[in-house]
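Here the structure is laid out as C-alpha cells; the discussion comes afterwards.
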Amino acid sequence: MPRAADDQGVEDHAKGRIISDAPLSRPVPVALRFDPAFEPATVRFVFPGDIEWSFPRALLETGLRAPARRGDIGVWPCGRVQTVVEFHTDDGVAVVQFDTTALLRFLNHTYAARAPMSAR
C-alpha cells in the first residue's frame, strides 16, 4: 500500500532481487519515491543503507516496454512479468529485477500525485 511521503509525494515499497553470478539471487527492499513539488519528472529508488538513485520517470515508463538507457541507468522488460533495472557505478554494476506490476503501480501513483497549488 502506498503512503504519502508528504502531502503531495508518493512512497511505495517493492521487493527487488539482486541478480549476480551467485547461484541464488538476493531479495532487497526498495522504497520507490516521487515528489512532484521537488522534482516533477524524477523518480527515486532508495535501497538499504540510504543508497539512492534518481532518474527520469520517462526512463522507467519506456523501460517497462522496451530496453532503455540514460546515463548510468538501464531499464528493460524481462519476460512478461519482470523488469530489470541496472545501476552503473565506478565500482561496478548492480542488476535488480522487479515485478513489473509493482513498478506500474508506482507509476500510476506518481500520475495521481499533484504538485501543490501556488498561492496567487
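The values are calculated or read from the model by the stated rules, or taken from the named source; none is laboratory data. The structure displayed is predicted, hence computed values, not measured ones. No Cβ is skipped: glycine too gets one built from the backbone with ideal geometry, and neighbour counts run over all protein chains shown. Protein only, heavy atoms only, side chains kept; ligands, DNA and RNA dropped before computing areas. Shrake-Rupley method; radii C 1.70, N 1.55, O 1.52, S 1.80 Å.
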Q: Quick one: residue 47 ticks every box in (1) within 24 Å of residue 8 (Cβ to Cβ); (2) in contact with a Pro (Cβ under 9 Å, 6 or more places away or on another chain); (3) surrounded by 18 or more Cβ atoms within 10 Å (Cβ to Cβ) except a single one, so which number is it?
A: (3)
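Could you list all residues from region 76-116 that are of a type in the set (S, T, N, Q) and in a helix (DSSP H, G or I)? Spell out the reasoning first.
Taking region 76-116 as the starting set, the residues that turn out to be of a type in the set (S, T, N, Q) are 82-83, 89, 97, 100-101, 108, 110.
Within region 76-116, 100, 101, 108, 110 meet the criteria.
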Q. Within region 20-79, can you find the residues that are more than 23 Å from residue 92 (Cα to Cα) and basic (Lys, Arg)?
A. 33, 57, 65
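Per-residue answers, yes or no, for (1) touching a Ser or Thr at 6+ places or on another chain (Cβ under 9 Å); (2) under 17 Å from residue 96 (Cα atoms):
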site	(1), (2)
8	no, no
11	no, no
14	no, yes
21	no, yes
31	no, yes
39	yes, no
54	yes, yes
63	yes, yes
72	yes, yes
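Go through region 17-75 residue by residue and tally those that are assigned to a loop (DSSP other than H, G, I, E, B) and either in contact (Cβ under 8 Å) with a residue 24 or more places away in the chain or at negative phi (or both). Walk me through how you get there before you give the answer.
Taking region 17-75 and keeping what is assigned to a loop (DSSP other than H, G, I, E, B), we get 20-25, 35-41, 48-50, 64-67, 71-72.
From what is left, the residues that are either in contact (Cβ under 8 Å) with a residue 24 or more places away in the chain or at negative phi (or both) are 20-25, 35-41, 48, 64-67, 72.
Count: 19.
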Q) Under the condition of being at pLDDT below 95 and closer than 20 Å to residue 31 by Cβ, which residue from region 88-106 is most open to solvent (accessible area, probe 1.4 Å)? A) 89
